[in-house]
1. Only Cα pairs under 8 Å and at least 6 apart count here; give the relative contact order of the stretch B:136-184 as a rounded whole percent.
2. 222 nm [θ] for chain B, helices only, -39500 (n - 2.57) per DSSP H run of 4+, per residue, to 500?
3. Put +1 on the Cβ of each Lys and Arg and -1 on the Cβ of each Asp and Glu in chain B; which of B:Ser173, B:Leu230, B:Phe104 then has its Cα farthest toward the positive end of the dipole?
4. Taking neighbour counts of Cβ atoms within 10 Å as a proxy for exposure, in what order, fewest first, do B:Phe58, B:Phe255, B:Phe115 appear?
5. For a quick check: sort B:Ile183, B:Ile112 by the number of other beta carbons within 10 angstrom, fewest at the front.
6. List the GluC sites (Glu not before Pro) in the stretch B:120-195 that DSSP assigns to loop (not H, G, I, E or B) and whose Cβ has at most 15 other Cβ atoms within 10 Å. Which are they?
7. Pairs B:Lys34/B:Lys108; B:Lys24/B:Lys169; B:Lys78/B:Lys229; B:Lys118/B:Lys211; B:Lys20/B:Lys184; B:Lys20/B:Lys211: which are spaced more than 24 Å apart, C-alpha to C-alpha?
8. Could you check the spin-label model distance between B:Lys147 and B:Asp64? Points 7 Å from the Cα along Cα→Cβ, value in nm.
Amino acid sequence: MPQQLLTSFFRSQ
Amino acid sequence: MLEGKFESASLMKRLVEAIKDSVKLCNFNCSQTKGITLQAIDDSRVLLISLKLDPGCFEGFRCDKNLVLGLDLESLSKVLKQGNNEDYLTLIAEDAPDNLLVVFEDPKKDRISEFSLKLMDIDSDVLSIEDMDHDCSITLPSSDFAKVARDMRTLSESLQILVTKDSVKFMASGPIGTGSVIIKAHTDLKDGKESIKIDLNKSVNVTFGAKYLNDIVKASTLAETVTIKLTNKIPALFEFKLQGGYLRYYLAPKFDE
């Protein structure tokens, strides 16, 4: 099962 | 100048042990109003750590000017191990610091140890985490959650969590077989911290990397309970409440296949 990344959900400040 | 004195070194020792295997380099942000805050993302960008230590977490806290202390947690851990849990711990830094001074005083005041730790310039990516609405919230004893996370990892690299109205089901499936643990909501009248609370807006079925969950449960030394907020297909929040602050982990789920 592939892992999602947090950066797909949260913007960089 | 920063001067933050903890009533005991044990809090900081446990905090650093809880996060140093996930992130190595961290900026500690210090301000008079917010105390010490930290946000750090692991190298794989799957796990984010957010720490807040309000001024109320300290026996004494003073920070004349906002400061960023870039620290290598491995080094900080080495220094913190020099102090005893019951020692007073004071963190001291100048306004434009090159070093962080770490001072331990034993409560009987007959021994003082001082360490100076070199600070680093750390270029860290900061993510905007807004308050999210979650499909469900589970509060349970942190040791129970730690046991499930550790045990199930021996079966599989992934842990599936299914939440329905009054139960949470953890499931793992791997080369040697499968396993599941079901915990049900209940109220422990003798010891409220042993209760299991499930608030559900919508049932949830989500899967996480077992490795990351095992990193998260290292924080179970910090709080007797953990609150887990889950939503289908979006990152989960694991919160360990501290006296006057929190340690939160945000964990990205695995894809549905």
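We did not get these values from a lab; they are worked out from the coordinates using the rules stated. Keep in mind it's a predicted model, so treat the numbers as computed, not measured. Cβ: placed from backbone, ideal geometry, glycine included. Neighbour counts: every protein chain shown.
1. On the way: 61 pairs, mean separation 14.0, N = 49.
Taking the mean separation of contacting Cα pairs over the length of the stretch B:136-184, I get 29 percent.
2. Working: 4 runs with 37 residues, N = 257.
Counting only the DSSP helices, I get -4000 deg cm²/dmol.
3. Toward the positive end, the furthest listed residue is B:Ser173.
4. Numbers: B:Phe58 21, B:Phe255 11, B:Phe115 17.
So the residues, fewest neighbours to most, are B:Phe255, B:Phe115, B:Phe58.
5. Ranked by crowding around the Cβ, least crowded first: B:Ile112, B:Ile183.
6. B:Glu130, B:Glu157
7. B:Lys34/B:Lys108; B:Lys24/B:Lys169; B:Lys78/B:Lys229; B:Lys118/B:Lys211; B:Lys20/B:Lys184
8. The two pseudo-label positions are separated by 5.2 nm.
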